[in-house]
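The values are calculated or read from the model by the stated rules, or taken from the named source; none is laboratory data. Everything numeric here is computed off the predicted structure, so don't read it as measured data. Glycine also receives a Cβ, built like all others from the backbone with ideal geometry; neighbour counts cover every protein chain displayed. For accessibility, only protein heavy atoms count, side chains too; no ligands or nucleic acids. Shrake-Rupley method; radii C 1.70, N 1.55, O 1.52, S 1.80 Å.
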Amino acid sequence: MSIQIEIDGVTVTADEGATLVDAAAAAGVYIPTLCYLPEHPALGTCRVCSVKVDGRVMAACTVIVSDGMRIEVAEPETTAARKALVEMLFSEGTHNCPSCEKSGRCTLQAVGYEVDMVVSPFPYQFPHRVNDHAAQSIWLERDRCIFCQRCVEFIRDRDTGKKIFSISGRGTHARIEIDAELADKMPPEQIQQAVDICPVGTILHKGVGYDQPIGRRRYDVESVKDRALDAARGGDR
(Lines give C-alpha, C1' and ligand atoms only; values in the text may rest on other atoms or scores of the structure.)
Protein backbone atom coordinates (compact mmCIF):
# COMPACT_ATOMS: atom_id res chain seq x y z
CA MET A 1 0.00 0.00 0.00
CA SER A 2 1.26 3.46 -0.89
CA ILE A 3 1.06 6.53 1.30
CA GLN A 4 2.07 10.14 0.87
CA ILE A 5 4.69 11.96 2.89
CA GLU A 6 6.29 15.38 2.56
CA ILE A 7 10.06 15.75 2.31
CA ASP A 8 11.45 19.28 2.34
CA GLY A 9 8.11 20.65 1.16
CA VAL A 10 7.67 18.16 -1.68
CA THR A 11 4.93 15.52 -1.52
CA VAL A 12 6.20 12.06 -2.46
CA THR A 13 4.77 8.55 -2.49
CA ALA A 14 6.21 5.94 -0.14
CA ASP A 15 5.54 2.30 0.69
CA GLU A 16 3.64 1.79 3.90
CA GLY A 17 5.92 0.21 6.52
CA ALA A 18 9.14 1.49 4.92
CA THR A 19 11.84 3.11 7.01
CA LEU A 20 12.29 6.81 6.41
CA VAL A 21 15.86 6.37 5.12
CA ASP A 22 14.68 3.96 2.42
CA ALA A 23 11.54 5.93 1.57
CA ALA A 24 13.57 9.11 1.15
CA ALA A 25 16.16 7.35 -1.02
CA ALA A 26 13.41 5.90 -3.22
CA ALA A 27 12.22 9.49 -3.71
CA GLY A 28 15.74 10.60 -4.65
CA VAL A 29 16.58 12.21 -1.29
CA TYR A 30 19.82 11.03 0.31
CA ILE A 31 20.07 10.77 4.11
CA PRO A 32 23.56 9.72 5.30
CA THR A 33 23.87 6.61 7.47
CA LEU A 34 26.68 4.69 9.15
CA CYS A 35 25.03 2.04 11.34
CA TYR A 36 22.01 1.30 9.15
CA LEU A 37 21.79 -1.65 6.74
CA PRO A 38 18.53 -2.10 4.79
CA GLU A 39 18.57 -5.89 5.18
CA HIS A 40 18.91 -5.73 8.99
CA PRO A 41 16.90 -4.20 11.86
CA ALA A 42 17.73 -0.56 12.57
CA LEU A 43 20.26 0.08 15.34
CA GLY A 44 19.99 3.86 15.68
CA THR A 45 23.46 4.08 17.22
CA CYS A 46 25.30 6.64 15.09
CA ARG A 47 22.51 9.27 14.70
CA VAL A 48 24.15 10.51 11.48
CA CYS A 49 20.75 10.14 9.79
CA SER A 50 19.11 12.71 12.08
CA VAL A 51 16.29 14.69 10.42
CA LYS A 52 13.23 16.57 11.60
CA VAL A 53 10.01 14.56 11.58
CA ASP A 54 6.91 16.63 12.26
CA GLY A 55 9.18 19.17 13.96
CA ARG A 56 11.12 16.71 16.14
CA VAL A 57 14.71 15.57 15.53
CA MET A 58 14.76 11.81 15.03
CA ALA A 59 17.06 9.12 13.62
CA ALA A 60 15.60 8.44 10.18
CA CYS A 61 16.66 4.78 10.19
CA THR A 62 14.37 4.09 13.16
CA VAL A 63 11.32 5.92 11.78
CA ILE A 64 8.57 4.01 9.96
CA VAL A 65 6.83 6.38 7.58
CA SER A 66 3.15 7.18 8.06
CA ASP A 67 0.66 8.97 5.85
CA GLY A 68 0.97 12.75 6.00
CA MET A 69 4.33 12.74 7.78
CA ARG A 70 6.37 15.93 7.26
CA ILE A 71 10.13 15.48 7.06
CA GLU A 72 12.86 18.11 6.90
CA VAL A 73 16.19 16.79 5.63
CA ALA A 74 17.84 19.92 4.23
CA GLU A 75 16.83 22.12 7.17
CA PRO A 76 20.00 24.05 8.24
CA GLU A 77 20.02 23.07 11.92
CA THR A 78 19.84 19.32 11.36
CA THR A 79 22.17 19.50 8.35
CA ALA A 80 24.76 21.14 10.62
CA ALA A 81 24.10 18.55 13.34
CA ARG A 82 24.72 15.66 10.95
CA LYS A 83 27.99 17.21 9.86
CA ALA A 84 29.04 17.78 13.48
CA LEU A 85 28.32 14.15 14.33
CA VAL A 86 30.59 12.96 11.51
CA GLU A 87 33.29 15.43 12.58
CA MET A 88 33.12 14.12 16.13
CA LEU A 89 33.51 10.54 14.95
CA PHE A 90 36.68 11.52 13.12
CA SER A 91 38.04 13.34 16.18
CA GLU A 92 37.23 10.50 18.59
CA GLY A 93 39.20 7.87 16.69
CA THR A 94 42.40 7.58 14.69
CA HIS A 95 41.45 7.88 11.03
CA ASN A 96 44.48 8.41 8.82
CA CYS A 97 42.69 7.94 5.51
CA PRO A 98 45.70 7.97 3.13
CA SER A 99 47.30 4.99 4.88
CA CYS A 100 44.16 3.05 5.79
CA GLU A 101 43.44 -0.29 4.09
CA LYS A 102 39.75 0.69 3.84
CA SER A 103 40.35 4.03 2.07
CA GLY A 104 38.04 4.32 -0.90
CA ARG A 105 35.79 1.67 0.64
CA CYS A 106 35.23 3.34 4.02
CA THR A 107 31.68 4.54 4.63
CA LEU A 108 32.78 7.07 7.26
CA GLN A 109 35.20 8.60 4.76
CA ALA A 110 32.54 8.62 2.05
CA VAL A 111 29.91 10.20 4.31
CA GLY A 112 32.49 12.80 5.35
CA TYR A 113 32.68 13.92 1.74
CA GLU A 114 28.88 14.01 1.42
CA VAL A 115 28.42 16.27 4.47
CA ASP A 116 31.17 18.61 3.18
CA MET A 117 33.56 17.90 6.03
CA VAL A 118 37.07 19.25 5.50
CA VAL A 119 38.66 18.95 8.93
CA SER A 120 37.12 18.30 12.32
CA PRO A 121 36.80 21.43 14.51
CA PHE A 122 36.87 19.21 17.59
CA PRO A 123 40.12 18.28 19.37
CA TYR A 124 41.49 15.01 18.04
CA GLN A 125 41.70 12.38 20.77
CA PHE A 126 44.05 9.93 19.01
CA PRO A 127 43.03 7.09 21.33
CA HIS A 128 45.47 4.26 21.89
CA ARG A 129 43.61 0.97 22.06
CA VAL A 130 45.73 -2.16 21.80
CA ASN A 131 44.97 -3.98 18.55
CA ASP A 132 43.72 -7.55 18.73
CA HIS A 133 45.33 -10.20 16.52
CA ALA A 134 44.45 -13.33 18.53
CA ALA A 135 42.08 -14.72 15.89
CA GLN A 136 43.65 -16.70 13.06
CA SER A 137 42.11 -14.68 10.21
CA ILE A 138 40.85 -11.40 11.68
CA TRP A 139 42.78 -8.35 12.84
CA LEU A 140 41.04 -5.70 14.94
CA GLU A 141 42.38 -2.17 14.40
CA ARG A 142 40.59 -0.85 17.47
CA ASP A 143 41.53 2.84 17.15
CA ARG A 144 39.26 3.15 14.09
CA CYS A 145 36.10 1.71 15.66
CA ILE A 146 33.09 4.08 15.70
CA PHE A 147 30.97 1.67 17.81
CA CYS A 148 28.20 1.36 15.25
CA GLN A 149 27.58 -2.17 16.61
CA ARG A 150 26.93 -3.68 13.19
CA CYS A 151 29.39 -6.52 13.81
CA VAL A 152 28.09 -7.05 17.35
CA GLU A 153 24.49 -7.52 16.27
CA PHE A 154 24.76 -9.06 12.81
CA ILE A 155 27.81 -11.36 12.86
CA ARG A 156 27.10 -14.45 14.93
CA ASP A 157 28.34 -18.00 15.24
CA ARG A 158 26.33 -20.05 12.77
CA ASP A 159 26.02 -23.07 15.07
CA THR A 160 25.16 -21.45 18.40
CA GLY A 161 23.96 -17.97 17.47
CA LYS A 162 26.45 -16.49 19.95
CA LYS A 163 27.92 -13.05 19.28
CA ILE A 164 31.47 -13.13 17.91
CA PHE A 165 32.07 -9.42 18.52
CA SER A 166 31.21 -7.36 21.58
CA ILE A 167 31.97 -4.01 23.18
CA SER A 168 33.64 -3.76 26.58
CA GLY A 169 34.00 -0.70 28.77
CA ARG A 170 32.18 2.61 28.51
CA GLY A 171 32.93 6.12 27.32
CA THR A 172 36.60 6.69 26.50
CA HIS A 173 37.40 3.22 27.85
CA ALA A 174 35.11 1.41 25.39
CA ARG A 175 36.67 -0.94 22.86
CA ILE A 176 35.61 -3.63 20.42
CA GLU A 177 36.28 -7.23 21.42
CA ILE A 178 36.36 -10.52 19.51
CA ASP A 179 35.83 -14.09 20.67
CA ALA A 180 38.86 -15.64 18.99
CA GLU A 181 37.59 -19.20 19.48
CA LEU A 182 34.34 -18.45 17.68
CA ALA A 183 36.13 -16.30 15.09
CA ASP A 184 38.40 -19.20 14.18
CA LYS A 185 35.29 -21.20 13.22
CA MET A 186 34.08 -18.58 10.76
CA PRO A 187 34.05 -19.75 7.12
CA PRO A 188 35.79 -17.48 4.56
CA GLU A 189 32.53 -15.95 3.33
CA GLN A 190 31.55 -14.93 6.87
CA ILE A 191 34.96 -13.40 7.46
CA GLN A 192 34.47 -11.32 4.34
CA GLN A 193 30.98 -10.40 5.53
CA ALA A 194 32.44 -9.12 8.79
CA VAL A 195 35.05 -7.06 6.91
CA ASP A 196 32.41 -5.64 4.58
CA ILE A 197 29.86 -4.90 7.30
CA CYS A 198 32.36 -2.70 9.19
CA PRO A 199 31.88 0.90 7.96
CA VAL A 200 35.51 1.76 8.77
CA GLY A 201 38.80 -0.15 8.77
CA THR A 202 38.47 -1.84 12.16
CA ILE A 203 37.80 -5.42 11.05
CA LEU A 204 40.51 -6.57 8.66
CA HIS A 205 41.19 -9.90 7.00
CA LYS A 206 44.75 -10.90 7.84
CA GLY A 207 46.95 -11.07 4.77
CA VAL A 208 44.44 -9.06 2.71
CA GLY A 209 44.89 -5.30 2.79
CA TYR A 210 45.28 -3.07 -0.22
CA ASP A 211 43.66 -5.55 -2.59
CA GLN A 212 41.66 -3.06 -4.64
CA PRO A 213 43.62 -0.48 -6.69
CA ILE A 214 42.76 3.21 -6.66
CA GLY A 215 40.11 3.87 -9.26
CA ARG A 216 38.37 0.54 -8.72
CA ARG A 217 37.49 0.85 -5.04
CA ARG A 218 33.83 1.02 -3.99
CA TYR A 219 33.50 4.78 -3.70
CA ASP A 220 35.93 5.52 -6.51
CA VAL A 221 33.40 3.95 -8.85
CA GLU A 222 30.23 5.33 -7.27
CA SER A 223 29.65 7.74 -4.37
CA VAL A 224 27.95 6.56 -1.21
CA LYS A 225 25.03 8.84 -2.08
CA ASP A 226 24.60 7.36 -5.56
CA ARG A 227 24.93 3.80 -4.20
CA ALA A 228 22.20 4.45 -1.62
CA LEU A 229 19.83 5.96 -4.18
CA ASP A 230 20.54 3.17 -6.69
CA ALA A 231 19.85 0.53 -4.03
CA ALA A 232 16.51 2.16 -3.21
CA ARG A 233 15.58 1.94 -6.87
CA GLY A 234 16.29 -1.78 -6.89
CA GLY A 235 19.98 -1.86 -7.85
CA ASP A 236 22.83 -3.52 -5.97
CA ARG A 237 24.07 -1.90 -2.77
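So the values come out like this:
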item: Helix 76-92 vs. the chain, principal-axis angle (Cα, 0 to 90°, nearest 10); result: 0
item: Computed E for residue 181/residue 116 - FRET, C-beta separation, R0 45 angstrom, nearest 0.05; result: 0.55
item: Extension gain, residue 1 back to residue 214 (0.36 nm per residue minus Cα-Cα distance, nm); result: 72.3 nm
item: The range 144-237 - accessible surface per residue (Å², probe 1.4 Å); result: 56
item: Net +/- balance of residues flanking residue 127 in space, Cβ distance below 15 Å, scoring K and R +1, D and E -1; result: +1
item: Hz values of 3J(HN,Hα) by residue in the range 205-214 - Karplus curve (6.51, -1.76, 1.60), Gly and Pro given as x; result: 8, 4, x, 10, x, 8, 8, 10, x, 4
item: Derived scalar couplings ³J(HN,Hα) [the range 147-163; Karplus, 6.51 cos²θ - 1.76 cosθ + 1.60; whole Hz; x for Gly, Pro]; result: 6, 6, 6, 4, 5, 4, 8, 10, 10, 10, 4, 6, 8, 9, x, 5, 6
item: Karplus (6.51, -1.76, 1.60) ³J(HN,Hα), θ = phi - 60°, over the range 122-129, in Hz, Gly and Pro reported as x; result: 8, x, 6, 8, 6, x, 10, 10
item: Heavy atoms of residue 204 accessible to a 1.4 Å probe, total area in Å² rounded to 10; result: 20
item: Amide H contacts of residue 129 (H built 1.01 Å from N, under 5 Å, at least 5 apart or other chain); result: 143
item: Carbon + sulfur, % of accessible area of the range 1-141 - ligands and nucleic acids excluded, 1.4 Å; result: 53
item: 1.4 Å probe accessible area per residue over the range 1-129, in Å²; result: 48
item: Rounded percent of accessible protein surface that carbon and sulfur make up, the range 173-237, 1.4 Å probe; result: 46
item: Dipole of the chain, positive direction: furthest Cα of 200, 44, 3, with charges on the beta-carbon; result: 200
item: Count of lysine pairs in the chain with Cα separation under 22 Å (8 or more residues apart, or interchain); result: 10
